[in-house]
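Asker: To start, I am sharing the structure in question, which I have written as structure tokens.
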Amino acid sequence: MEEQRPVPGQVQIKADEKELQGQYSNLVMLHHNLEEFTFNFIYIFPNGTQGKLLASMIASPGHAKRIWRALGENISRYEAQFGPIKEAPEGGIPPTPNVGFVQ
């Protein structure tokens, strides 16, 4: 079996099946300070009384801005292909949950 050699300038990323499957998050809490942005990806259970922190990702301000730009570009392409994204179901925006962390 021949070993694959990386193409010059290409980054090889290792991921197992669990990471490739991804996780569903229905709430993201963002925090920042001078040196970093923290993205807390959370799943709030259907009963709305509890949730689980799925992942906490920390990025530099420059990288956070690149994420923001890439997300905006992808949303624009999505809406061009599939139409406008509704931010809330008909009848208004549900109230923002009062969320706090416990250990």
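Asker: Test of understanding: among A55, A70, which residue is closer than 27 Å to K18 by Cα, surrounded by 10 or more Cβ atoms within 10 Å (Cβ to Cβ) and touching a strand residue (DSSP E or B) at 6+ places or on another chain (Cβ under 9 Å)?
Answerer: A55
Asker: Free of Cβ contacts under 8 Å to residues at least 40 places away in the same chain and outside any helix (DSSP H, G or I), is that true of I85?
Answerer: On the way: free of Cβ contacts under 8 Å to residues at least 40 places away in the same chain: yes; outside any helix (DSSP H, G or I): yes.
Criteria met by I85.
Asker: Here's something else I'd like to know. Residue by residue through the stretch 20-57, note down the ones that are more than 15 Å from the chain's Cα centre (by Cα) and over 16 Å from V99 (Cα atoms).
Answerer: The first filter runs over the stretch 20-57 and keeps only residues more than 15 Å from the chain's Cα centre (by Cα), leaving 32-36, 45-51.
Selection gives H32, N33, L34, E35, E36.
Asker: Can you find a residue that is modelled with pLDDT under 90 and within 23 Å of H63 (Cβ to Cβ) anywhere in the stretch 16-30? Quick ask: steps written out before the conclusion?
Answerer: Initial filter on the stretch 16-30 (modelled with pLDDT under 90): 18-19.
Now narrow it down to the ones that are within 23 Å of H63 (Cβ to Cβ): 19.
Taking every residue of the stretch 16-30 in turn, at least one turns out to be modelled with pLDDT under 90 and within 23 Å of H63 (Cβ to Cβ).
Asker: In the list Y24, Y78, which residue meets the criterion of being without any contact (Cβ under 8 Å) to a residue 24 or more places away in the chain and surrounded by fewer than 11 Cβ atoms within 10 Å (Cβ to Cβ)? Walk me through it before giving the result.
Answerer: Working: Y78 fails: surrounded by fewer than 11 Cβ atoms within 10 Å (Cβ to Cβ).
Just a single option satisfies the conditions, and that option is Y24.
Asker: Related question: Being part of a loop (DSSP other than H, G, I, E, B) and of a type in the set (D, E) is the filter; apply it to the stretch 1-19 and report the residue that is farthest from V102 (Cα to Cα).
Answerer: Just the residues of the stretch 1-19 that are part of a loop (DSSP other than H, G, I, E, B), to begin with: 1-16.
If we keep only those that are of a type in the set (D, E) too, we end up with 2-3, 16.
Numbers: E2: 50, E3: 47, D16: 30 Å.
Within the stretch 1-19, the match that is farthest from V102 (Cα to Cα) is E2.
Asker: Report yes if T38 is out of contact with any helix residue (DSSP H, G or I) (no Cβ under 8 Å at 6 or more places or on another chain), free of Cβ contacts under 8 Å to residues at least 24 places away in the same chain and exposed (fewer than 10 other Cβ atoms within 10 Å of the Cβ), otherwise no.
Answerer: Numbers: out of contact with any helix residue (DSSP H, G or I) (no Cβ under 8 Å at 6 or more places or on another chain): yes; free of Cβ contacts under 8 Å to residues at least 24 places away in the same chain: yes; exposed (fewer than 10 other Cβ atoms within 10 Å of the Cβ): no.
Spelling it out, it is not the case that T38 is out of contact with any helix residue (DSSP H, G or I) (no Cβ under 8 Å at 6 or more places or on another chain), free of Cβ contacts under 8 Å to residues at least 24 places away in the same chain and exposed (fewer than 10 other Cβ atoms within 10 Å of the Cβ).
Asker: If I ask for residues that are in a loop (DSSP other than H, G, I, E, B) and of a type in the set (F, W, Y), which ones from the stretch 21-68 would you list? Talk me through it step by step, then tell me what you get.
Answerer: From the stretch 21-68, those in a loop (DSSP other than H, G, I, E, B) are 22-26, 33-36, 45-50, 60; that's our starting set.
Across the stretch 21-68, the qualifying residues are Y24, F45.
The values are calculated or read from the model by the stated rules, or taken from the named source; none is laboratory data. The model shown is predicted, which means the values in this text are computed figures rather than measured ones. When we count neighbours, we look across all protein chains shown, and the Cβ atoms used for this are built from the backbone with ideal geometry, even at glycine.
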